[in-house]
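Below is one structure, written out as structure tokens; the observations come after it.
The values are calculated or read from the model by the stated rules, or taken from the named source; none is laboratory data. Please read these numbers as outputs of a predicted model, since none were measured by experiment. Note: ideal-geometry Cβ built from the backbone for every residue, glycine included; neighbour counts use all protein chains shown. The accessibility values were calculated without ligands, DNA or RNA, using every heavy atom of the protein model including side chains. Shrake-Rupley method; radii C 1.70, N 1.55, O 1.52, S 1.80 Å.
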Amino acid sequence: MPVQKRNIWAVLATLTVLFSVVLSLTTMDRSRSAAISNDLRELNTGWYRVENGKQIPVTVPGTLFLEPGTDLVLYNDSLTDADIGMTLTTRAALYRPEMYLGTQLIYSYDDSAFPRNDQMRSKLNCNAVLSSQDGSHTLSLVYQRPENGQLHINPVYVGSSAAVLRLQTLPELPTVLIVFTMALFSVVAIAAGFYMKRLGMETRQFVYVAIFLLLCGAWCTLDSSLLQQLSNMSPVVCYLSFYTFMLMPVPLLQFVR
């Protein structure tokens, strides 16, 4: 096979992976909607904040504009006895939230062991078990100091732990498909390389393509929010994701050379 044709096949494989990435982004919202079932509900009504002693309704999800450096406290009184023991989840780690049920602290974001930047925190879900020791059903979420004063409130869900896990897993299925596609293409590239080598032809381009695809698949897996959650936001996963990303240009440069 001529060198130009081999390069064309390598480019097509890369474009296919990129197309899969775009497809995953367009299907993420559909997957999240499909995850909602009878044992999971969106807590999108009854939210308010208190200002000058008055309750001001707040739309969730939505965006609020506050004074820079001002904390936002949202309240909700719509929980029932059936919700106690369930899991509450929302994607709010960007604002280092705290969650209270009555006076009891049930969740507090803490990344002191490994400080994360805004991009990393924006992918993380905050999960808390609704356990009420004082019998109160008043839920309060504290969002801490958005620097620019703009605070985006994501949907809040309440359901069983299995339903919450399903909610967080389904949007990652496109990522799993992408990783599988990358692994498949890397195997094809290696097989093609061995075949070309038997014919006495240059095969290094196939090796570089295979290494690049494997690194891309590893980075997609390590950088996914689901793996971050399953590893309990372990710093090791973040370090591996960073170094994998930094290694990705190496096979590309070798391929171009």
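Results, tabulated for the structure shown:
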| read-out | value |
| --- | --- |
| The lone exception for T70 - which of (1) polar (S, T, N, Q); (2) exposed (fewer than 14 other Cβ atoms within 10 Å of the Cβ); (3) modelled with pLDDT under 90; (4) not in a loop (DSSP other than H, G, I, E, B) it fails | (4) |
| Candidate set from segment 149-164 (those that are of a type in the set (G, A, S) and at pLDDT 85 or above); member that is surrounded by the fewest Cβ atoms within 10 Å (Cβ to Cβ) | A162 |
| Residue tally, condition over 18 Å from Q254 (Cα atoms) and either free of Cβ contacts under 8 Å to residues at least 12 places away in the same chain or open to solvent by 30 Å² or more (accessible area, probe 1.4 Å) (or both), over segment 176-191 | 10 |
| Enumeration of residues in segment 122-133 that are open to solvent by less than 40 Å² (accessible area, probe 1.4 Å), out of contact with any Lys or Arg (no Cβ under 8 Å at 6 or more places or on another chain) and not in a loop (DSSP other than H, G, I, E, B) | A128 |
| Every residue from segment 73-98 that is of a type in the set (V, I, T) and either without any contact (Cβ under 8 Å) to a residue 12 or more places away in the chain or open to solvent by 30 Å² or more (accessible area, probe 1.4 Å) (or both) | V73, T80, I84 |
| Selection count where residues are over 24 Å from L173 (Cβ atoms), surrounded by 21 or more Cβ atoms within 10 Å (Cβ to Cβ) and among the small types (G, A, S), scope segment 194-226 | 1 |
| Segment 221-249: number of residues that are touching a residue at least 12 places away in the same chain (Cβ under 8 Å), assigned to a helix (DSSP H, G or I) and more than 28 Å from S112 (Cβ to Cβ) | 1 |
| Pairs, first within 17 Å of N76 (Cβ to Cβ) in segment 121-132, second of a type outside the set (S, T, Y) and open to solvent by less than 10 Å² (accessible area, probe 1.4 Å), C-beta under 6 Å, six or more apart | C126/A92; C126/A93; C126/P97; A128/L88; A128/M99; L130/L88; L130/L101; S132/L101 |
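A quick yes/no check of all residues on (1) farther than 30 Å from A210 by Cα; (2) in a strand (DSSP E or B); (3) open to solvent by less than 30 Å² (accessible area, probe 1.4 Å):
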| position | (1), (2), (3) |
| --- | --- |
| Y100 | yes, yes, no |
| A113 | yes, no, no |
| M120 | no, no, no |
| S140 | yes, yes, yes |
| E147 | yes, no, no |
| R166 | yes, no, no |
| L170 | no, no, no |
| P174 | no, no, yes |
